[in-house]
Amino acid sequence: MEKMYNEFETPEEVRRYYNLKESSESAEKPITEVNQETDDPEDPKETPSEDLPVVYADLKFKECKNIFEHWVVFTNSKDPKENKTLKNILDAIKAIKKSKSLVPELHLFLAEKTIATETEEGFSIKDGDDELDFAELNNSNTLVFSRLGVQGEGNCEEVLNIVQDRGFLVLNPLQPSLIASNKYKTAALLRKNDIPQPNFALLSIDIIHNEELFNERMKDVNEKWDPKDSDKNEELKFVVKILDGHGGTGVFMTDGKKLMAILQTIFAVDPERELIIQSKEEADGGDIRVHVMTLRDRQVILGAMKRVKISGDFRSNVSLGATAEKVKLTPEQEQIALKAAMYSKLPWCAVDIMPLVKGSNPELGDNVVLELNASPGTDGISEVLGVNFINVMINELTNPKEFFLQDKQSGYIEAVELALDDNHILELLGKLDTGNGTKATCLTLPDLQIDEEHKKVTFSIQGTTFEKEYEDVSNPIVGGMKTTRPIVMFHSIRLGNRKIFDIPVALAKEPDIKKNTNILLNRELMSWMGYVVNPSKTHLLTKEIEKTNL
């Protein structure tokens, strides 16, 4: 599988991974600017503290907010009687209507029937019953729910890839959802980031037929495993799971003596099957599900519930009949939930934590993560919170610039559309400047007049004069000199298929700053748009243009 761009830390890693030379005939010659700009000459890097900030969603809100004109739901059922999350979505819209907030238009699509049609202007989707043209939709007015039924449906996965590629907020994006839906990949992710979990190993037909390898794996799960005496292993308890199970299905517990016979039976029926085996830890009651919203600059614990297992069953899934009750998270549980959700890269992540009997496994501590859920049900949590969970979550989605968008590669030089207002849209040559740590993206203008007394700027572009007010300024160090650039708000900026509204832009007078591009996109704007820059390429997303004469 190709490496994700957010896994690279330096441009040099990108070059090595793609076997790119420092300078080659295929590489574009970089456009030289005066220097990399920042409002802070030292450009300090943020060093996160060991503990993440703990913030809970407000459950006592009086009004149900919503900023989205459209809610698009990909699901495996349009019947709210059998789809409880859909029922909660419908109830949330009713509550929004009562609060006189923006009432979204709901679009439902069956995952197994959904297809997309792309054109130069945009794309549309349909499932046989409903159709939606995305031409008038954008990341600021549209929220996409991707439920479990999308995964495994080839056509719908492709539709979701298109939606993500166009920069829409998806709960949840496909790639991290596929990882969270694979129990072994989830376990590997947790281990990589030092999140406590039961010891585990991957099992397949090849592994159980290799006695030495099988015993190594079992030792990894439980160091007391005895390769020679199966009677001793009878005291050892293990949990075995299929990798793609959900809702508690495909999970069973057994002892070490019976394990091989069961595995041989499973692999005889399905030789291609892979399983994850975990040590059975001593649980202190049921497990805890914590719903976490992770945005670009903050995390919010949306709610938590304790799931009390049904009698005679070690599983505690509400869908299997377990009951849910209120729970107060310990500081350790809060940190585990926040960190697991952060590493999952899921905007909406349910983290299942199992409290352990104190002292039962000193190496693991008092809590372990059982799994992550990218398509958590809302049944149970709404009742425990005493308010519709969907409304709780929507109330936290108030600023499109906080949303995580799917990473997408761009060149370091691209054509950019900057809208001054609804009627004036400029096509500019832009540089995506990863060294630009200024407060705002910078636009250079040939005819800029600054009225510091009245906090106004005046400039002419291609024969049209504009006057804008400003409240803040950017003061980057350029060529060793401190400069002052008024920051004004522009209607929107578009790069490729992605568009962001209400953009702060710092204005610089062109004679003072000789540049070979019209506009420098700063790191913050690139992050808002989800673009990762390939330092060796230009115009990966857009047509080649020259610097625009303004």
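The values are calculated or read from the model by the stated rules, or taken from the named source; none is laboratory data. None of the values given here were measured: they were computed from a predicted structure. So basically every Cβ, Gly included, is an ideal-geometry build from the backbone, and we count neighbours across all protein chains shown.
Values for this structure:
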{"item": "Subset of region 393-418 [surrounded by 18 or more Cβ atoms within 10 Å (Cβ to Cβ), in a loop (DSSP other than H, G, I, E, B) and of a type outside the set (A, V, I, L, M, F, W, C)]", "result": "GLN406, TYR412"}
{"item": "Where ALA415 falls short, out of the listed (1) farther than 26 Å from HIS246 by Cα; (2) touching a Lys or Arg at 6+ places or on another chain (Cβ under 8 Å); (3) outside the structural domain of TRP528 (by TED's automatic domain parsing)", "result": "(3)"}
{"item": "Selected residue (criterion: surrounded by the fewest Cβ atoms within 10 Å (Cβ to Cβ)) from residues of region 344-392 that are of a type in the set (Val, Ile, Thr) and more than 28 Å from LYS65 (Cα to Cα)", "result": "VAL357"}
{"item": "Long-range neighbours under 6 Å by Cβ, at least six apart or interchain, first residue closer than 30 Å to VAL357 by Cα within region 264-287, second among the aromatic types (Phe, Trp, Tyr)", "result": "ILE276/TYR184; ILE276/PHE200; ILE277/PHE238; GLN278/PHE200; LYS280/PHE238"}
{"item": "Residue list for region 509-521, restricted to those being in contact with a Ser or Thr (Cβ under 6 Å, 6 or more places away or on another chain), assigned to a loop (DSSP other than H, G, I, E, B) and under 30 Å from GLU120 (Cβ atoms)", "result": "ASN518"}
{"item": "Count - residues of region 63-112 that are within 17 Å of VAL170 (Cα to Cα) and β-branched (Val, Ile, Thr)", "result": "6"}
{"item": "Checking ASP91 against (1) surrounded by fewer than 20 Cβ atoms within 10 Å (Cβ to Cβ); (2) touching a residue at least 40 places away in the same chain (Cβ under 8 Å); (3) within 27 Å of ALA180 (Cα to Cα), the condition it does not meet", "result": "(3)"}
{"item": "Pairs, first of a type in the set (S, T, N, Q) and modelled with pLDDT under 95 in region 390-417, second assigned to a loop (DSSP other than H, G, I, E, B) and surrounded by 23 or more Cβ atoms within 10 Å (Cβ to Cβ), C-beta under 7 Å, six or more apart", "result": "GLN406/PRO173"}
{"item": "Given (1) at negative phi; (2) within 17 Å of the chain's Cα centre (by Cα); (3) not charged (D, E, K, R), number of the condition GLY167 does not satisfy", "result": "(1)"}
{"item": "Members of region 184-207 found to be touching a Lys or Arg at 6+ places or on another chain (Cβ under 8 Å) and small (Gly, Ala, Ser), listed by number", "result": "ALA201, SER204"}
{"item": "Any hit, region 120-128, residues being surrounded by 14 or more Cβ atoms within 10 Å (Cβ to Cβ), at pLDDT 95 or above, touching a Cys at 6+ places or on another chain (Cβ under 6 Å) and not in a loop (DSSP other than H, G, I, E, B)", "result": "no"}
{"item": "Condition check for ALA350: modelled with pLDDT of 95 or more, assigned to a helix (DSSP H, G or I), under 19 Å from the mean Cα position of the chain (by Cα) and not assigned by TED's automatic domain parsing to the domain that holds VAL251", "result": "no"}
{"item": "Some residue of region 514-527 being charged (D, E, K, R), assigned by TED's automatic domain parsing to the domain that holds ILE425, without any contact (Cβ under 8 Å) to a residue 40 or more places away in the chain and over 28 Å from PHE404 (Cβ atoms)", "result": "no"}
{"item": "Enumeration of residues in region 303-312 that are assigned to a strand (DSSP E or B) and surrounded by fewer than 22 Cβ atoms within 10 Å (Cβ to Cβ)", "result": "LYS306, VAL308"}
